[in-house]
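The values are calculated or read from the model by the stated rules, or taken from the named source; none is laboratory data. As the structure is a prediction and not an experimental result, all values here were calculated from the model. We place every Cβ from the backbone using ideal geometry, glycine too, and count neighbours over all the protein chains shown. Side chains are part of the model used for accessible areas, which takes the heavy atoms of the whole protein and leaves out ligands, DNA and RNA. Shrake-Rupley method; radii C 1.70, N 1.55, O 1.52, S 1.80 Å.
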Amino acid sequence: MEKLTRREFIGASIAATGVAGVGGLLLKKERAASASAPAPAFTIDPAIKSPTDKVKLGKSGLLVSLVGIGTGTVGVNHASNQTRLGQEEFTRLMRHAVDSGITFFDLADQYGSMPYFARAMKGVPRDRYAIQTKSNSRDPQKAAADIDRFLGELGTDHIDSLIVHCVTESDWTTRYRGVMDVFEEARQKGKIRAHGVTCHDFGALKAAAASDWVQVNQVRFNPMAKHMDADVETARALFLKMRGKGQGMIGMKVVGQGDIVKGRLGSPEDCYRFQIESAAVDAFVIGVEKAEHIDQMLRGTQVALNELGYRVPVAA
């Protein structure tokens, strides 16, 4: 495999593809801004040629498809746009994703999507997909109860990635130590494979970057800083630090909750390419509500991969 530094990768990508689209413009700016900054090294993995090829989530031990399916569009009060489709359409959506080669599914208690997902995947071998789900509990006893409930709702003996959901406190690694210990005990017992966090505050993100407990980070990241916790360059610098440390990095809010496309600030393909070209995430998830949206997402990501010459940076 070819070794490239972060700066060399960005330069090579821009030179090979031209500075076109939102992602390219932002990366050109980032390249100039970070010219003197130390950068982690990445390896170009030539085996990743498709959106459904599997990538490593840092040092977590998890392998997931480069592109995953989110189930939390407008996800509040144990419901989301995906669950509001009803079980039949939800099942059709998930089965189409699996049949298309996608192996990573992002769920949450807040979305109410776990029972729907379990019913949708009935009959599909468990080793064909990875489940990530999330708990909002901040009390250790409630978190422990959540884990057992989640396993029951999902009809499985293990959860691949369990996340502390929507953290906003910069001292969360101290404040919620009890919950973290519960998650770690569950990992040791084999109930979960990895644990992590989704932060909705930059101070909380910095705490996650400093934590050895965090194995997986799901982060809000897109080329126009829509619904993010910092400007693009500031966020990307921190995410590179996280990824360089071995934390599995998953991009979310990839199209800025639809704002980028609706506002004609960029195309979906720009946003997919940005995720890959940034070198800041291992994989990314997108909430879709129609089977054809999955096809469009896969086609758009394939276009981005083609334009980048399959030069996908993985942590060295």
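With respect to the conditions (1) touching a Leu at 6+ places or on another chain (Cβ under 8 Å); (2) within 23 Å of PHE105 (Cα to Cα); (3) open to solvent by 20 Å² or more (accessible area, probe 1.4 Å), ALA230 falls short on a single one, namely (2). Among all positions in region 155-162, there is no residue which is in contact with a helix residue (DSSP H, G or I) (Cβ under 8 Å, 6 or more places away or on another chain), of a type in the set (A, V, I, L, M) and on the phi > 0 side of the Ramachandran plot.
Just to be sure, is ARG264 surrounded by fewer than 17 Cβ atoms within 10 Å (Cβ to Cβ) and either outside any helix (DSSP H, G or I) or within 14 Å of the chain's Cα centre (by Cα) (or both)? Spell out the reasoning first.
Numbers: surrounded by fewer than 17 Cβ atoms within 10 Å (Cβ to Cβ): yes; either outside any helix (DSSP H, G or I) or within 14 Å of the chain's Cα centre (by Cα) (or both): yes.
In short, yes.
The test for being at pLDDT below 95, more than 22 Å from ALA209 (Cα to Cα) and touching a helix residue (DSSP H, G or I) at 6+ places or on another chain (Cβ under 8 Å) does not hold for GLY72. When the test is whether a residue is farther than 19 Å from VAL219 by Cβ and open to solvent by 10 Å² or more (accessible area, probe 1.4 Å), ASP160 does not pass it.
Across region 267-316, the qualifying residues are those that are under 14 Å from the mean Cα position of the chain (by Cα) and in a helix (DSSP H, G or I), and the one among them that is nearest to LYS54 (Cα to Cα) is ILE276. Considered as a group, the residues in region 195-213 that are aliphatic (A, V, I, L, M) and under 15 Å from ALA280 (Cβ atoms) include one that is surrounded by the fewest Cβ atoms within 10 Å (Cβ to Cβ), and that residue is ALA209.
Step by step: first the residues of region 244-261, then only those that are part of a strand (DSSP E or B) and in contact with a Lys or Arg (Cβ under 9 Å, 6 or more places away or on another chain), then the one that is farthest from ALA315 (Cα to Cα). Which residue is that? Among those that are part of a strand (DSSP E or B) and in contact with a Lys or Arg (Cβ under 9 Å, 6 or more places away or on another chain), it is MET252.
Screening the candidates GLU153, GLU184 for the property of being farther than 24 Å from LEU298 by Cα, free of Cβ contacts under 8 Å to residues at least 40 places away in the same chain and buried (at least 17 other Cβ atoms within 10 Å of the Cβ) yields one hit, GLU153. Of the residues making up region 248-261, those that are more than 14 Å from the chain's Cα centre (by Cα) and open to solvent by less than 10 Å² (accessible area, probe 1.4 Å) number 1. Within region 110-135, being within 18 Å of the chain's Cα centre (by Cα) and open to solvent by 60 Å² or more (accessible area, probe 1.4 Å) holds for no residue.
Please tell me if LYS49 is open to solvent by 80 Å² or more (accessible area, probe 1.4 Å), among the charged types (D, E, K, R), closer than 23 Å to HIS195 by Cα and modelled with pLDDT of 75 or more. The answer is no for LYS49. Tally up the residues in region 252-271 that are under 22 Å from GLY75 (Cα atoms) and touching a residue at least 12 places away in the same chain (Cβ under 8 Å), please. Number of matching residues: 10.
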